[in-house]
Amino acid sequence: MNFDDYQKAWQAQDSRPSVALNADALLEEVRRKQQGFRRMIFWRDVREVGVAAVLVPVFIHSGLTVSWTLHLAAFGCFVVGADMVLDRRRQKRKTPDVHASLKEWAATSLAEVNHQIWLLQNILWNYLLPLGVPLFLFFGWCAWSLPLPIPARVFSFLVLSGFVALVDVVLYWLNQYAVRKGLEPRRQELAELLRSIDPEQPGAGIKSGKPLGPLLLVVGVCITAVILHHFLNAQG
Amino acid sequence: MNTHEQEAIFRRWLDAHVGLMLKIVRGCAATPADQDDLFQDVLLQLWSSIPAFRGDAKETTWIYRVAFNTALAWRRGERRRRIGQETLVKYDPAPTSHPGHADALSEPEMVAQLYTAIRELPKLDASLALMHLDGLSYQEMAEVLGISVNHVGVKLNRIRRQLAEKLKGVRNEL
């Protein structure tokens, strides 16, 4: 018996191997799942951007009643939310087509995973610091306004900022954990697949640059606002 | 493309090519639960892909691509919950192999051994093996995978040897 015998046995499998299909129910299920999938994507987007969208008016209102520095926190939230939306739109165009050839599909999927890893590895620059810098400024303003000696004000600032820093550390760690456990194995799997398809054309690696745009924008606006505020106060 | 056309194509593909889809599913997932899970994913992706089908590629090439790409993206650990869900596809489980009875194997047992051997191959090789066993031409396989015909030939020679090696415990003449 040789390979051809095995192949014959393989091809002798009934083209419909004892299969009983309920086509109507199956079609209904496929439709239901597609709707469920769309709903899931929609709510994932809403969840990610929604937090920023809710915080912007909250900070604007607080800026009017508590401290003008919270307007900068609103701006930070807006920048982070807008950055998420823009990135999602850019990536949507690069989503792999499931009907593409395996090589194309693997290359696009690898690029997509690489981008996700890059985003999460740089969450400090993308999201945490653009949100954190205005909050640190607010805590600085709060501490400075306290009727306490300077060392006590500094201590108050460190305590308040330390809390935000701790939350940031936890968020950063959670994201790096997600990269290590979920995305990195997937990346290696896809890279290996691509290498096996075409050893001379390895897929692109993870970008090395840091996404400093949102942070620089927020820091720039914060510095300008502080200088302007100081200037306007000095004017009278 | 309106929904009726999409539905008509889906039903036609399901009717004509369900065997092909099941072979791929069985070649990529081992347990019946995983196979059921993957099969439903393949159907979902196939349904979603229909509006992009313009007839440039052969139907089977299209279905192979969608099924392989879905199988490669599918991960056992991420199985969705399907508790309480009605079984929509009922098919006899693949026969189990009995490596000790090399000379008295029935066709279903040989097929079962092939499935076991294919699942042990790297993913790309498993895809090629499945298409090769189905009798696709080198050109068709190259179109599904997006590689050159020569590359297919080189890889298939190695895959045949690997499969023979894996089946050696059962068939020494390979």
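The values are calculated or read from the model by the stated rules, or taken from the named source; none is laboratory data. Predicted model only: the values in this text are computed from it and were never measured. Don't worry about glycine lacking a Cβ; one is built from the backbone with ideal geometry, like all the others, and counts go over all protein chains shown. Only protein heavy atoms, including side chains, enter the accessible area calculation; ligands, DNA and RNA are left aside. Shrake-Rupley method; radii C 1.70, N 1.55, O 1.52, S 1.80 Å.
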May I ask you to derive the FRET efficiency for A:Leu146 and A:Lys92 from their Cβ-Cβ distance with R0 = 60 Å, giving the value to the nearest 0.05?
-> 0.80
Anything in chain A that counts as a DSSP H helix reaching 30 Å or more along its axis (C-alpha) with Kyte-Doolittle mean of at least -0.5? List them, would you?
-> A:23-65, A:69-92, A:150-178, A:213-235
Asserting the computed 222 nm helical MRE of chain A (DSSP H runs at least 4 long, -39500 (n - 2.57) per run, divided by residue count, to nearest 500) equals -26500 deg cm²/dmol
Between region A:219-236 and region B:135-167, the alpha-carbon center distance in angstrom | 69
Pull out the extension gain between A:Tyr172 and A:Glu184, defined as 0.36 nm times the separation in residues minus the alpha carbon to alpha carbon distance; nm, one decimal.
-> 2.7 nm
Relative to the present Cα-Cα distance, how much length would full extension add between A:Asn2 and A:Val154 at 0.36 nm per residue of separation?
-> 46.5 nm
Could you please state how large a percent of the accessible area of region B:1-76 is carbon and sulfur, counting protein chains only and using a 1.4 Å probe?
-> 50
Pull out the extension gain between A:Arg47 and A:Ile223, defined as 0.36 nm times the separation in residues minus the alpha carbon to alpha carbon distance; nm, one decimal.
-> 60.3 nm
In region A:102-236, what percent of the accessible surface is made up of carbon and sulfur (1.4 Å probe, ligands and nucleic acids excluded)?
-> 71
Simple spin-label estimate for B:Met1 and B:Ala33 in nanometres, 7 Å along Cα-Cβ = 3.4
What's the buried accessible area, both sides, between B and A using a 1.4 Å probe, rounded to 100 Å²?
-> 5100
Alpha-carbon centroids, region A:171-201 and region A:51-82: separation in whole Å = 36
Might you tell me the accessible area per residue for chain A, computed with a 1.4 Å probe and given in Å²?
-> 59
